[in-house]
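A short write-up of the structure that comes next.
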Amino acid sequence: MRKLLVLALVGLAAQLVDGSLGMAYGLTSSTLLLLVGVAPAAASASVHLAEIGTTLAAGVAHWRFGNVDWRVVTRIALPGAIGAFAGATLLSSISTESAAPWMAGILFTLGAFLLVRFARPLRTDRVGGRLRGRFLGPLGLVAGFVDATGGGGWGPVATPALLVSGRMEPRKVIGSVDTAEFVVAGAASVGFLIGLGTEGFLLPIVGALLVGGLIAAPLAAWLVRIVPAQLLGAAVGGVIVLTNARTLIRAAELDGPVPPVLYVLLAAGWVAALVLAVRALRRTRRDQAAAAAAATVGVSPAPEVVSAGLSSADTPAAH
């Protein structure tokens, strides 16, 4: 019972992170499941089955807030489902010994990406135009495949790519990606069901993650107004990097002084990312204040001030 309660808290925390950043539910949940010894395929299968419920709740919430671009959803969801089904089939067919370092490597890379991504401010001064299907289709295919094989990755792959394109408002990027993830999670679950059978899903874990995620879904909209996305993203990225580094170091059979040195270097990188995130946050807030002051006296602020002075609702934490 205590273990299920802990898993429910994991699901709650993961959904709070995902709802605030538009990514990292799968990354956070899968990383912690691997840490407690769950097999990679079973971890990914259980997380994706739980995500069917959490992404449905998140999608409905985003739809009600007007955060969904249905054109983008329809063009990214189907390729994402195909990629997720293929990834689930691949992960189901390889041994636990082979899958563990593979999955840890993907999670480590995505965690490092989060560190770099949130250590610097986001520029979204090119909003306008339309995203083409020839961009959305391959993006969905790759993101879905990475998501299923890594136990997470749909958001970290799809959300930044759409943000960098500058063609959509950040809140609609996150809302559309989260809504499309419902289809991706369903396709991945079907792939795991075919590859692993019903025994591949650890139903108590699924239930605990689902309960925690459903409780957190409405709270995330409140959390995003309290916790800066810049700091939350850097903090979560560091946790994912350090926990998955443990699996990679074991797989490489490193011993002696090497593992401690690697952990120290990774921890130092995490601290550096947090420091940069704080600086970026302070700079953004200064630019916001300058832009607000300029608007009050009727003076147009410099373009770089406008682009840098994003409110919390326009960051990757937006809903």
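Exactly one condition in (1) in contact with a helix residue (DSSP H, G or I) (Cβ under 6 Å, 6 or more places away or on another chain); (2) modelled with pLDDT of 90 or more; (3) surrounded by fewer than 24 Cβ atoms within 10 Å (Cβ to Cβ) is not met by Gly133; state its number.
Here Gly133 meets the rest and fails (2).
Can you tell which of Ala277, Ala318, Ala229 is out of contact with any His (no Cβ under 7 Å at 6 or more places or on another chain), modelled with pLDDT of 85 or more, buried (at least 19 other Cβ atoms within 10 Å of the Cβ) and of a type in the set (A, V, I, L, M)?
Among Ala277, Ala318, Ala229, only Ala277 is out of contact with any His (no Cβ under 7 Å at 6 or more places or on another chain), modelled with pLDDT of 85 or more, buried (at least 19 other Cβ atoms within 10 Å of the Cβ) and of a type in the set (A, V, I, L, M).
Given the options Thr179, Thr247, Thr198, name the one that is hydroxyl-bearing (Ser, Thr, Tyr), at pLDDT 80 or above, over 23 Å from Leu16 (Cβ atoms) and open to solvent by 10 Å² or more (accessible area, probe 1.4 Å).
On inspection, the qualifying residue turns out to be Thr198.
Out of all the residues in the stretch 229-261, which are farther than 20 Å from Ala43 by Cα and over 25 Å from the mean Cα position of the chain (by Cα)?
Ala252, Glu253, Leu254, Asp255, Gly256, Pro257, Val258, Pro259, Pro260, Val261
Scan the stretch 77-95 and give yes if some residue there is surrounded by fewer than 24 Cβ atoms within 10 Å (Cβ to Cβ), in contact with a Pro (Cβ under 8 Å, 6 or more places away or on another chain), polar (S, T, N, Q) and within 19 Å of Ile205 (Cα to Cα), otherwise no.
Scanning the stretch 77-95, I find no residue that is surrounded by fewer than 24 Cβ atoms within 10 Å (Cβ to Cβ), in contact with a Pro (Cβ under 8 Å, 6 or more places away or on another chain), polar (S, T, N, Q) and within 19 Å of Ile205 (Cα to Cα), so the answer is no.
Pull up the stretch 26-65, narrow it to residues that are farther than 28 Å from Gly105 by Cα and free of Cβ contacts under 8 Å to residues at least 12 places away in the same chain, then point me to the one that is surrounded by the most Cβ atoms within 10 Å (Cβ to Cβ).
Of everything passing the filter in the stretch 26-65, Val60 is surrounded by the most Cβ atoms within 10 Å (Cβ to Cβ).
Report yes if Ile215 is open to solvent by less than 50 Å² (accessible area, probe 1.4 Å) and either modelled with pLDDT of 80 or more or touching a His at 6+ places or on another chain (Cβ under 9 Å) (or both), otherwise no.
no
The values are calculated or read from the model by the stated rules, or taken from the named source; none is laboratory data. The structure displayed is predicted, hence computed values, not measured ones. All Cβ positions, glycine included, derive from the backbone under ideal geometry; neighbour counts span all protein chains shown. These area figures cover heavy atoms from the full protein model, side chains too; ligands, DNA and RNA do not enter into them. Shrake-Rupley method; radii C 1.70, N 1.55, O 1.52, S 1.80 Å.
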